[in-house]
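Remarks on the structure that follows.
The values are calculated or read from the model by the stated rules, or taken from the named source; none is laboratory data. Keep in mind it's a predicted model, so treat the numbers as computed, not measured. Every residue, glycine as well, gets a Cβ built from its backbone with ideal geometry; the counts of neighbours run over all protein chains shown. In case anyone asks, the SASA skips ligands and DNA or RNA and just uses the protein heavy atoms, side chains included. Shrake-Rupley method; radii C 1.70, N 1.55, O 1.52, S 1.80 Å.
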Amino acid sequence: MDAFFSYFEGDSPVLQFIGKWCYIIYTKRELIQMYIHLILAAVFPIYIGAHASLRRPPSAAVPKKSKDEDGDDEEEAKIEGMTPSDAIVFPILAGITLGGLYAVIKWMDDPKLLNKILNVYFSGLGIFGVGKLAADCLNVATTFVFPNVWSSAKETFYIEPLLSQQVTGSVSRARVQVHRHFVEDKTNPFPGVLSGVRFSSFVDKKLWAIRAALKNHWIFRAHLHGIFTAKSKIQLNDVLGFVIGVATIALYNMNSKAWWLTNIMGFGFCYGTLQLMSPTTFWTGTLVLSGLFIYDIVMVFYTPLMITVATSLEVPIKLVFPGPKRGSMLGLGDVVLPGIMMALALRFDLYLHYLRKQRTTSKTTIPPRAIEPDTIVRAPYVEATGQWGERFWTRRTKKEDADTGADGARFSKVYFKASLVGYVLAMLVTLVVMNVFNHAQPALLYLVPGVLTALWGTALVRREVGLMWEYSEDGEWGLEPEKKEDRVENDGVDVKKEKNGSNELVGGGSLDSEVGQTKKAADEHKHHVFLLSLEAPRTGLEAKKAKI
């Protein structure tokens, strides 16, 4: 390499500059590789967690309540929202927790016992965190191997599981399609080139069975009289994900807590948290991050608490990266806290996508002497999560073709991409400053301004500051006044009813049916003392789309 760098030792300043930096990069290549690893590891859970948190925005039409296999209404996923008071509570609680851990570490001298206690706690959480992440990754992988729809350069093919056939022309939910055409030369459930491979009928039947096993869901029920009742839909991938979670935690505790196992657990914690927490509004998120911004500076620069706790505890509350100078680490808070704001930005992008698809209609009366107020017609929501396989296989679909079902994931992500750029640039600044001053840096000191400046700056450039300020995920914002709901008491059961006083509920159905379903859920296990069951899927009924 010395002979190579000798070519840049001429009189030209440009050659000398290039040679100097090439030499620096070569001599510090291991450090640079470690930092690239750190940035990618920080961005990975944010990216997948933000996409998994997508759900119907207020600008999309409220769907009619669909029924599951038991006839119960399927509810939309809920997310825990923050309030402005959290901007004060969060830093205080974090400081108390950090101070308590620091006091225990100093009192015990050797924190081995504390590490064991915390490892038991985080191991229990890790099983579910890693299991959920693994299950969703397996579900996404399934969409690549067994998509519901795929396109060639000329035609779009739909998978019909009931008939074990590939057809052209989409199949409606009622399984009625007048113009549907069975493709005789595609007898297996694979997409692309593999769809044309002719297997024996026995192999084809097994392939369709494997597809059904991976796509269909079972209903799990558990009940212990007077203590708890649980009901959940599970897939084969959920079971496999749980097994992977258990195996990961067992290996983590038996393998001296290897760095890559620590990171897998950290990914699981971050992935789950981004789906469970939301700042609710951008200004609430800004307040929370600003409070934690001050907290991080105080704890790193003015107290020994942060560094002492981070280096003393061997628990999966950080991402660890091997490399020169004893490697590096990044706290999960430096991923999750900016991440919840970035996930909010992605959901705001989805909100804007459906907002631009809204249209206004006016209805005239007979006789035409009066005009009803304008009605906002909202586009129906198309599921935006778990569509990676369908998006890949339908990338060549022509616009005039029928809806492939993967269009819900195709929308402009301006604010999310802006926040992602701001996060990466802020992380680079953190690493540079850390090397220049040779001292640990509070990452939020750079990440918070980077993410917030990117988001509010983008809104300012696009003249959407007012819209961003008003946006909320409280469940009421964005709904028309006549669609908002009151709480009504009926036979001691708290149910929802529209303000118009009718007996109809938002999303369809009646008040009486809602009460009946509530009573059904209460009486389902009336005579059961203990119940543990797993109900097989009905033929042709596939589970919902995977997350991520």
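Please name all residue pairs, on different chains or six or more residues apart, with Cβ atoms under 9 Å, provided the first residue is in the range 95-120 and is of a type in the set (Phe, Trp, Tyr) and the second residue is open to solvent by less than 20 Å² (accessible area, probe 1.4 Å).
From residues that are of a type in the set (Phe, Trp, Tyr), the pairs are TYR102/VAL309.
Against the definition (in contact with a Leu (Cβ under 8 Å, 6 or more places away or on another chain), open to solvent by 60 Å² or more (accessible area, probe 1.4 Å) and either free of Cβ contacts under 8 Å to residues at least 24 places away in the same chain or under 30 Å from ASP110 (Cβ atoms) (or both)), how does LEU319 come out, yes or no?
Details: in contact with a Leu (Cβ under 8 Å, 6 or more places away or on another chain): yes; open to solvent by 60 Å² or more (accessible area, probe 1.4 Å): no; either free of Cβ contacts under 8 Å to residues at least 24 places away in the same chain or under 30 Å from ASP110 (Cβ atoms) (or both): yes.
Judged against the criteria, LEU319 is not a match.
Which residue, of VAL414, VAL465, VAL424, is of a type in the set (A, V, I, L, M) and over 25 Å from GLU80 (Cα atoms)? Spell out how you get there, then give the answer.
Working: VAL414 fails: over 25 Å from GLU80 (Cα atoms); VAL465 fails: over 25 Å from GLU80 (Cα atoms).
Residue meeting the stated conditions: VAL424.
Yes/no matrix, rows are residues, columns are (1) part of a helix (DSSP H, G or I); (2) at pLDDT 95 or above; (3) touching a Ser or Thr at 6+ places or on another chain (Cβ under 9 Å):
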{"residue": "GLU400", "(1), (2), (3)": "no, no, no"}
{"residue": "ASP403", "(1), (2), (3)": "no, no, yes"}
{"residue": "LEU420", "(1), (2), (3)": "yes, yes, no"}
{"residue": "LEU425", "(1), (2), (3)": "yes, yes, no"}
{"residue": "VAL436", "(1), (2), (3)": "yes, no, no"}
{"residue": "VAL451", "(1), (2), (3)": "yes, yes, yes"}
{"residue": "GLY466", "(1), (2), (3)": "yes, no, no"}
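Under 9 Å between Cβ atoms, at least 6 apart or on separate chains: pull out the pairs that start in the range 332-344 with a residue that is more than 18 Å from THR284 (Cβ to Cβ) and open to solvent by 20 Å² or more (accessible area, probe 1.4 Å) and end on any residue that is in a helix (DSSP H, G or I) and among the aliphatic types (A, V, I, L, M).
ASP334/ALA42; ASP334/MET427; ASP334/LEU444; ASP334/LEU447
If we scan the range 234-245, do we find a residue that is within 30 Å of SER533 (Cα to Cα), modelled with pLDDT of 85 or more and assigned to a strand (DSSP E or B)?
So in the range 234-245, the residues within 30 Å of SER533 (Cα to Cα) come out as 234-245.
Okay, now just the ones that are also modelled with pLDDT of 85 or more, so 234-245.
Still in the list and also assigned to a strand (DSSP E or B): 234-235.
Checked against the condition, which is being within 30 Å of SER533 (Cα to Cα), modelled with pLDDT of 85 or more and assigned to a strand (DSSP E or B), the range 234-245 yields at least one hit.
Collect the residues in the range 247-260 that are within 18 Å of VAL120 (Cα to Cα) and either open to solvent by 60 Å² or more (accessible area, probe 1.4 Å) or free of Cβ contacts under 8 Å to residues at least 24 places away in the same chain (or both), keeping them in residue-number order. Reasoning before the result, please.
Residues of the range 247-260 within 18 Å of VAL120 (Cα to Cα): 247-259.
Of everything in the range 247-260, those that are within 18 Å of VAL120 (Cα to Cα) and either open to solvent by 60 Å² or more (accessible area, probe 1.4 Å) or free of Cβ contacts under 8 Å to residues at least 24 places away in the same chain (or both) turn out to be ALA247, ALA250, LEU251, ASN253, MET254, ASN255, SER256, LYS257, ALA258, TRP259.
Count, please, the residues in the range 226-238 that happen to be touching a residue at least 60 places away in the same chain (Cβ under 8 Å) and either open to solvent by 70 Å² or more (accessible area, probe 1.4 Å) or among the polar types (S, T, N, Q) (or both).
Residues meeting the conditions: 4.
Within the range 407-418, how many residues turn out to be in a helix (DSSP H, G or I), open to solvent by 10 Å² or more (accessible area, probe 1.4 Å) and under 18 Å from ALA345 (Cβ atoms)? Reasoning before the result, please.
Of the residues in the range 407-418, the ones in a helix (DSSP H, G or I) are 407-409, 414-418.
Still in the running and open to solvent by 10 Å² or more (accessible area, probe 1.4 Å): 407, 414, 417-418.
Narrowing the set further to residues that are under 18 Å from ALA345 (Cβ atoms) leaves 414, 417-418.
Qualifying residue count, the range 407-418: 3.
Within the group PHE17, PHE44, PHE4, which residue is surrounded by fewer than 17 Cβ atoms within 10 Å (Cβ to Cβ), aromatic (Phe, Trp, Tyr) and at pLDDT 90 or above? Outline the logic, then answer.
On the way: PHE17 fails: at pLDDT 90 or above; PHE4 fails: at pLDDT 90 or above.
Step by step, each of PHE17, PHE44, PHE4 is checked, and only PHE44 is surrounded by fewer than 17 Cβ atoms within 10 Å (Cβ to Cβ), aromatic (Phe, Trp, Tyr) and at pLDDT 90 or above.
Looking only at the range 385-398, count every residue that is assigned to a loop (DSSP other than H, G, I, E, B) and open to solvent by 10 Å² or more (accessible area, probe 1.4 Å) and tell me the total.
As a first pass, look at the range 385-398 and keep what is assigned to a loop (DSSP other than H, G, I, E, B): 385-387, 394-398.
So of that shortlist, the ones also open to solvent by 10 Å² or more (accessible area, probe 1.4 Å) come out as 395-398.
Count: 4.
Working only within the range 95-127, note down all residues that are β-branched (Val, Ile, Thr) and surrounded by 18 or more Cβ atoms within 10 Å (Cβ to Cβ). Working first, answer last.
Let us first name the residues in the range 95-127 that are β-branched (Val, Ile, Thr), namely 96-97, 104-105, 117, 120, 127.
Listed by number, the residues that qualify are ILE105, ILE127.
On the given criteria, is LYS132 surrounded by fewer than 18 Cβ atoms within 10 Å (Cβ to Cβ) and of a type in the set (Lys, Arg)?
Working: surrounded by fewer than 18 Cβ atoms within 10 Å (Cβ to Cβ): no; of a type in the set (Lys, Arg): yes.
No; evaluated as a whole, the condition is false for this residue.
For the range 253-327, which fully contained helices (runs of 4 or more DSSP H) count at least 3 residues that are closer than 30 Å to LEU467 by Cα, at pLDDT 90 or above and not β-branched (Val, Ile, Thr)? Break it down stepwise before answering.
On the way: elements: 259-276, 282-297, 305-312.
Correct list: 259-276, 282-297.
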